[in-house]
Amino acid sequence: MEVRPLTSADAEAISTWRYRGRYSTYDIGEIVTPAQGYWAVTHEGELVGRCSFGTEARVPGVDEEEGTLDIGYGMRPDLVGQGMGRAFVTAILDFGVQEFSPQRLRVLVLNWNERSRKVADALGFETKETVSRAEGDFVVMTRPA
């Protein structure tokens with residue numbers, strides 16, 4: 001898997017992605033841009049997801065921490081649950097470390113999203129706290145870069 005700059009075609013495709021059930025909270029529904037901090041994730045040249053870093057990845061109301069890179073990501077809905085999560089997130093983390101040189105990495109995952117929490121656990125993230133927002137309770141997970 002590879003992280004690369006987002007194209008307008010990528011952005012249009014991502015805006016049409018719809019997740020099922022409570023995962024619909026991850027629907028974007030608008031055209032995202034590289035200026036907003038979005039990147040494309042591809043596998044063998046095919047768009048498989050998106051990611052963001054910094055401000056765009058941070059849940060509103062959660063403070064920036066010096067030396068910590070906030071990371072957000074979403075896999076294409078038809079690929080969710082097919083065993084690609086670790087490779088997908090690993091590619092994003094590796095890119096984030098190379099591109100931004102942080103000391104720590106941070107992800108916030110809705111507490112009911114077990115799949116995403118299991119991937120983060122498997123990749124060395126540790127739960128630090130839970131924060132409540134309008135979208136639900138987020139588990140704050142960090143690890144050294």
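The values are calculated or read from the model by the stated rules, or taken from the named source; none is laboratory data. Small disclaimer: the values here were computed from a predicted structure and weren't measured. When we count neighbours, we look across all protein chains shown, and the Cβ atoms used for this are built from the backbone with ideal geometry, even at glycine. Protein only, heavy atoms only, side chains kept; ligands, DNA and RNA dropped before computing areas. Shrake-Rupley method; radii C 1.70, N 1.55, O 1.52, S 1.80 Å.
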Residue in the range 6-18 that is in a helix (DSSP H, G or I), of a type outside the set (Val, Ile, Thr) and closer than 21 Å to VAL107 by Cα present: no
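When residues of the range 97-123 are filtered for being in a loop (DSSP other than H, G, I, E, B) and either among the basic types (Lys, Arg) or open to solvent by less than 40 Å² (accessible area, probe 1.4 Å) (or both), how many remain?
Going through the range 97-123 one residue at a time, the tally reaches 3.
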Qualifying positions in the range 128-145 - part of a strand (DSSP E or B) and either among the hydrophobic types (A, V, I, L, M, F, W, C) or open to solvent by less than 50 Å² (accessible area, probe 1.4 Å) (or both): VAL131, GLY136, PHE138, VAL139, VAL140, MET141, THR142, ARG143
GLU135 vs. criteria modelled with pLDDT under 95, in contact with a strand residue (DSSP E or B) (Cβ under 8 Å, 6 or more places away or on another chain) and charged (D, E, K, R): yes
Residue list for the range 1-60, restricted to those being farther than 23 Å from GLN98 by Cβ and charged (D, E, K, R): GLU12, ARG18, ARG20, ARG22, ASP27, GLU30
Identity of the residue in the range 21-38, of a type in the set (Val, Ile, Thr) and surrounded by 15 or more Cβ atoms within 10 Å (Cβ to Cβ), that ends up farthest from PRO5 (Cα to Cα): ILE28
Of all residues making up the range 39-53, the number that are open to solvent by 20 Å² or more (accessible area, probe 1.4 Å) and either free of Cβ contacts under 8 Å to residues at least 40 places away in the same chain or at positive phi (or both): 4
Count - residues of the range 54-71 that are crowded, with 20+ Cβ neighbours inside 10 Å and at pLDDT 95 or above: 3
